[in-house]
Number of protein chains: 2
Amino acid sequence: MIAGKTENGAGVSVDRMIQPMLLLLILKKPTHGYELIQSFNALHEGEIVEPGTIYRNLRRMEKEGFVLSSWEASESGPARRKYDITEDGIKALREAVLKLEQQKQQIEDFLNEYKDLTARGDIDEN
Amino acid sequence: MIAGKTENGAGVSVDRMIQPMLLLLILKKPTHGYELIQSFNALHEGEIVEPGTIYRNLRRMEKEGFVLSSWEASESGPARRKYDITEDGIKALREAVLKLEQQKQQIEDFLNEYKDLTARGDIDEN
DNA sequence: TAAACCTATGTGCATCATGCACTTATCAAT
DNA sequence: ATTGATAAGTGCATGATGCACATAGGTTTA
């Protein structure tokens, strides 16, 4: 439970990965917020991402120049805001990838330290 | 740059790992805040952790029953608050480990998806 | 002895991201 | 006309952090 806690607990999982994940999804296939929410929640079952979080991240990323939006008519339903990634967005994605690699390494280091401890029997298993 | 941003940018690295890292350090060797700050900043060079963040996390964890503190005299210097981990703290550490394993997996999944894309040449390398 | 410095702990304020709940709006179907 | 799915968004509260500052004990030095 960290950051905007509740039973969901963004302290984990998709935590702080929303921006790069959105950028990657948009890079793969330019689309709109509603579908991104579907993709997100289909991808990580159980881990529901708040619509508000998606929409706010999209608007913020547009403000920062990582994506561009354009209104698009739907065959059946209200108009949607379709997002495309920009050059800056691709750059931001690359930087995020580098940071995530570092983060993964840090987590691995931590987990290894923990395992060393349990292996030595300094801590019980159950 | 996420959460309390500035040039430091906790959005990465030690991001949201402070609590489990502190618990692990204290489990290995009960100690006080100031030394934990040293350990932290020695461990991850370049990534400076704010003293305020450490102290606040320690007090919070004590309020939640994960650690216990006791004042202790120093040979040379002001008294320090020495922290010991509790059973609940060990439990919390174990839970954090599980979540970090999940988080690591998510990062890996993401990085693999990204690599698939670059491998297909859908995105330039530089 | 006073000033300067290191050790040690902490707080106040601003910023940022998220969860939860709610609102608005379009379109289709009943 | 009402209901329901699609689609986008906002307001408020909560929580974590950075930065700067405050406080205080102890040691060293001028």
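Laboratory data are not the source of any read-out in this text; all were calculated from the coordinates shown. Since the structure is predicted, the reported quantities are computational estimates derived from the model, not experimental observations. So basically every Cβ, Gly included, is an ideal-geometry build from the backbone, and we count neighbours across all protein chains shown.
Tabulated data
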{"quantity": "Pseudo-label separations to other copies for A:ARG81 - Cα-to-Cβ vector, 7 Å, nm", "calculated": "4.4"}
{"quantity": "Mean ellipticity per residue at 222 nm, deg cm²/dmol - from DSSP H runs of n ≥ 4 across the protein assembly as shown, formula -39500 (n - 2.57)", "calculated": "-18000 deg cm²/dmol"}
{"quantity": "For chain B, Kirkwood radius (reciprocal of mean inverse C-alpha pair distance, Å)", "calculated": "16.7 Å"}
{"quantity": "Net charge dipole size for segment A:18-119 [Lys, Arg +1 and Asp, Glu -1 on Cβ; Debye, nearest 20]", "calculated": "380 debye"}
{"quantity": "Segment B:69-126, relative contact order [Cα under 8 Å, separation at least 6], %", "calculated": "16 percent"}
{"quantity": "Largest-first principal axis extents of the Cα set of segment B:63-126 (Å)", "calculated": "62, 29, 16"}
{"quantity": "Using a 7 Å Cα-to-Cβ projection, B:THR53 label spacings across copies, nm, ascending", "calculated": "2.0"}
{"quantity": "Largest-first principal axis extents, alpha carbons of the protein assembly as shown, Å", "calculated": "73, 35, 30"}
{"quantity": "Candidate lysines for bridging to B:LYS82, where Cα separation is under 23 Å - those fewer than 8 sequence places away on the same chain excluded", "calculated": "B:LYS28, B:LYS29, B:LYS63, B:LYS91"}
{"quantity": "Percent RCO, i.e. relative contact order, over segment B:18-119, from Cα pairs under 8 Å lying at least 6 residues apart", "calculated": "30 percent"}
{"quantity": "Cβ nearest the rotation axis (A onto B), residue from chain A and distance to the nearest whole Å", "calculated": "A:LYS104, 3"}
